[in-house]
Every structure is written in C-alpha cells, then in structure tokens.
Amino acid sequence: MELVNNSANQINTLNVYPNPASDQATILFTADKIENCSINLMDIAGRIVFTTSIESVIGDNQFQLNLYDFAKGMYMVIIQNDDGMMQKRIVIQ
C-alpha cells in the first residue's frame, strides 16, 4: 500500500481482496469524514481503465468492483479525495 500526501490524508486504510482476483474484488477503505472520493483502476501502462465516484462515510467504506471486462494482469486501485490518495496493486487472473 502506498500513501501519498500523508500530511492531511483522510483515507486511513485501503485493502483490496481477494488478491489475486478473477471475477470480482472488494475495495475496503476507512475515512475520517464524509466526502466525495474517486475510485480508479489503472493498468500497467498507466491508463485509467475504470473510474467512479462515491461519497464516503465516516469509518468503513466498501465498493464491489466487477472484473469481467478487464484483461488479466497487474493493476493499481487508486482512491482519491481532496486531501490525497492511496493506492494498492491488484492482480486480475
């Protein structure tokens, strides 16, 4: 897991499971405040292949990501808000 701009980051943890995944992955993160967050999936070439926005809640947040449309390989799950971002690798098999 990689934390960027940790001075004011309001996303405290990020977990993606199962990893590796084939059909579906669960993205779990905790937040300190209610705000809009973007969830992005970036391929190994740096292209954003999926993006969505959600409103986080204080505490645990969960998002189900369907993986049927993505080629096998390594990707980066990126959660962003106004205060920074967190990212974690996932392998789709």
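Filter segment 11-34 for residues that are in contact with a Leu (Cβ under 7 Å, 6 or more places away or on another chain) and either in a strand (DSSP E or B) or among the aromatic types (F, W, Y) (or both) and give the result.
The answer is N15, A21, Q24, A25, I27, F29.
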Handout entry: Single residue of A25, A45 found to be modelled with pLDDT of 95 or more and in contact with a strand residue (DSSP E or B) (Cβ under 6 Å, 6 or more places away or on another chain)
Key = A25
Problem - Checklist (1) assigned to a loop (DSSP other than H, G, I, E, B); (2) surrounded by fewer than 12 Cβ atoms within 10 Å (Cβ to Cβ); (3) at negative phi applied to G46, failing item - result: (3)
Problem - Residue in segment 76-92 that is least open to solvent (accessible area, probe 1.4 Å), counting only those that are at pLDDT 95 or above and farther than 14 Å from L14 by Cβ - result: I92
Problem - Subset of segment 69-87 [outside any loop (DSSP other than H, G, I, E, B), farther than 16 Å from D43 by Cβ and not hydrophobic (A, V, I, L, M, F, W, C)] - result: Q80, N81, G84
Practice task
Taking the residues in segment 49-68 that are in contact with a strand residue (DSSP E or B) (Cβ under 8 Å, 6 or more places away or on another chain) and in a loop (DSSP other than H, G, I, E, B) as candidates, determine which candidate is farthest from A31 (Cα to Cα).
Solution key: L67
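The values are calculated or read from the model by the stated rules, or taken from the named source; none is laboratory data. Bear in mind that the values here come from a model prediction, so they are computed numbers and not experimental data. With ideal geometry, Cβ positions are generated from the backbone for all residues, glycine too; neighbour counts draw on all protein chains shown. All accessible areas refer to the heavy atoms of the entire protein, side chains included, with ligands and DNA or RNA removed. Shrake-Rupley method; radii C 1.70, N 1.55, O 1.52, S 1.80 Å.
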